[in-house]
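Just below is one structure, and these are the notes that go with it.
Any read-out appearing in this document is the output of simple, stated calculations on the displayed coordinates, not a laboratory observation. The model shown is predicted, which means the values in this text are computed figures rather than measured ones. Quick reminder, even Gly has a Cβ in these numbers, built from the backbone with ideal geometry, and neighbours come from all protein chains shown.
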Amino acid sequence: MSTEQPIIREKRLNDAKYRPALVADEARDRTPVRLPEQSNDEFRALRETVQEHSNWISPLQQEMSRVIVGQKHLVDRLLIALLTNGHVLLEGVPGLAKTLSLKTLANCVALQFKRLQFTPDMLPADIVGTMIYSPQDGEFRTKHGPIFSNLILADEINRAPAKVQSALLEAMQEHQVTIGEETYALPNPFLVLATQNPLEHEGTYPLPEAQIDRFMMKVVITYPNRAEERAILDAMATSEPSFSVRRVVSAEQILKARHVVNAIHIDEKIRNYIVDLVLATRPPIAKSLDLNGFIQNGASPRATINLCLAARATAFINGRHFVTPQDVKTIALDVLRHRVTVSYEAEAENVTSEDVIRKILDTLPVP
């Protein structure tokens, strides 16, 4: 018997230990799954339901394109957040239609829209509201703040100190606000779009990790291309640009669409793929992918949940009743980029969280 066999056996055990689930179950996953006739009937009914409740997606996108030139990526991410009850952290230079996009979406859905300009002297009461004393009857009355709206634009959220940023935590996670001894529910649907400028860091307060993780996606928008820039010039180079849009969908239709999104089918292999993506950002799997020295903190279980929800919403937007692996890969960068923290070694080598996530997407086998 060769003396190399125990070493080989130990190596195989270590490889199996650090191998993602999809790789370990590769032989099993190759076996085609045959659905029973009853399941096929259910899928047929689900497909018809998705087509019925998603017929407003294309008209809404077309109506918003009358005002928003380009930025299809941003518009789709806003729709995903609206369909999944999530929030979006937007990073981009000024002048890229961040405010206009959310305001146009609110007008197309006939929702209440409020814009909050965060400043260093801002107070939590400026967001959630406060108790006001009434000298006529000697009682305190609650005055609701601008957070009591459907769509909230938190402009330059990193300009305000931590005590103001934390005022959004309860609202974003639990969709309620506590003022004094009373707790008030926020309107439904409720979406927070927070922006931050990547160019200026003086006088800013970085968002704490607990609050960043509550954003479903972090979307980075870039400059438009030449054709889009020319279209912007033709449409907006006037002292009276037209921002009028027609109402395309109601809030009730969006709430019904959320129930349909929750019913969209995700195969077991894709569920395992989502789990493997998130686990690859943590040790020991990150170590097996030669990423252990680059990752300081991996993605939380909230990333797993949001990846599943966002993939379902992506399928819904495309009129499908099932999720494909490409849906997961399409949305993975926006869901994970703000949840994966790179180490000092990675920063020294100019390796960003996006580079790490792209390597994970390219390395892990796709079901």
- [ ] Would you mind checking the tilt of helix 98-109 against the longest principal axis of the Cα atoms of the chain, expressed as 0 to 90 degrees and rounded to 10?
- [x] 80
Open item on the list: Helix 325-336 against the longest principal axis of the chain: what's the angle in degrees, Cα atoms only, rounded to the nearest 10?
Closed with: 60
Open item on the list: If you take every residue apart from residue 90 with its C-beta less than 12 Å away from the C-beta of residue 90, what net charge results, scoring Lys and Arg +1 and Asp and Glu -1?
Closed with: -1
TODO: Sort the following peptides by mean Cβ neighbour count (other Cβ atoms within 10 Å, averaged over residues), highest first: 257-269, 154-166.
DONE: 154-166, 257-269
Task: Normalised contact order of the chain, rounded percent, pairs of Cα under 8 Å and 6 or more residues apart - done: 22
Open item on the list: Within 10 Å of each candidate Cβ there may be at most 10 other Cβ atoms; applying that plus a DSSP loop requirement, which GluC sites (Glu not before Pro) in the range 167-242 survive?
Closed with: 181, 202
Open item on the list: Give me the net charge for the shell around residue 155: Cβ to Cβ below 12 angstrom, other residues only, Lys and Arg +1, Asp and Glu -1.
Closed with: +4
Open item on the list: Using only Cα atoms and rounding to the nearest 10 degrees, what angle (0 to 90) does helix 251-263 make with the longest principal axis of the chain?
Closed with: 10
Open item on the list: How large is the Kirkwood hydrodynamic radius of the chain, counting all unique pairs of alpha carbons, in Å?
Closed with: 22.9
TODO: Note down the net charge around residue 122, summing +1 for each Lys or Arg and -1 for each Asp or Glu among other residues with Cβ under 13 Å from its Cβ.
DONE: -2
Task: Reference-scaled alpha-carbon Rg (2.2 N^0.38 Å with N residues) for the range 69-174 - done: 1.23
- [ ] Putting +1 on Lys and Arg Cβ atoms and -1 on Asp and Glu Cβ atoms, find which of 297, 260, 95 reaches farthest to the positive end of the dipole of the chain.
- [x] 260
- [ ] Before rounding to the nearest 500, sum -39500 (n - 2.57) across all DSSP H runs of length at least 4 in the chain and divide by the residue total; then give [θ] at 222 nm in deg cm²/dmol.
- [x] -14000 deg cm²/dmol
Task: Rounded to whole Å, sorted largest first: equivalent-ellipsoid semi-axes of the range 242-323, Cα gyration tensor - done: 34, 17, 10
Task: Debye, to nearest 20: dipole size of the chain, +1 on Lys, Arg Cβ, -1 on Asp, Glu Cβ - done: 740
Task: Sequence ranges 41-48, 133-140, 217-224, ranked by mean other-Cβ count within 10 angstrom, highest first - done: 217-224, 41-48, 133-140
- [ ] Quick one: plug the Kirkwood hydrodynamic radius of the range 156-292 (C-alpha pairs) into Stokes-Einstein at 20 °C, 1.002 mPa s, and report D in µm²/s.
- [x] 106
Open item on the list: Counting just the Cα atoms, what span does the range 57-236 cover along each of its three principal axes? Round to the nearest Å and put the largest first.
Closed with: 62, 38, 29
- [ ] Please state, as a whole number in µm²/s, the translational diffusion coefficient that the Stokes-Einstein equation yields for the range 216-281 at 20 °C and 1.002 mPa s, with Rh defined as the Kirkwood radius across alpha carbon pairs.
- [x] 125
Open item on the list: If you average the alpha carbon positions of the range 43-81 and of the range 138-152, how far apart do those two centres end up, in angstrom?
Closed with: 32
Task: Alpha carbon Rg of the range 263-367, scaled by the compact-globule rule 2.2 N^0.38 Å - done: 1.07
- [ ] Subtracting the Cα-Cα distance from 0.36 nm times the residue separation, let me have the gained length for residue 44 to residue 229 in nm, one decimal.
- [x] 62.3 nm
Task: Top of 351, 109, 278 by mean-square fluctuation, Gaussian network on the chain, Cα under 10 Å - done: 351
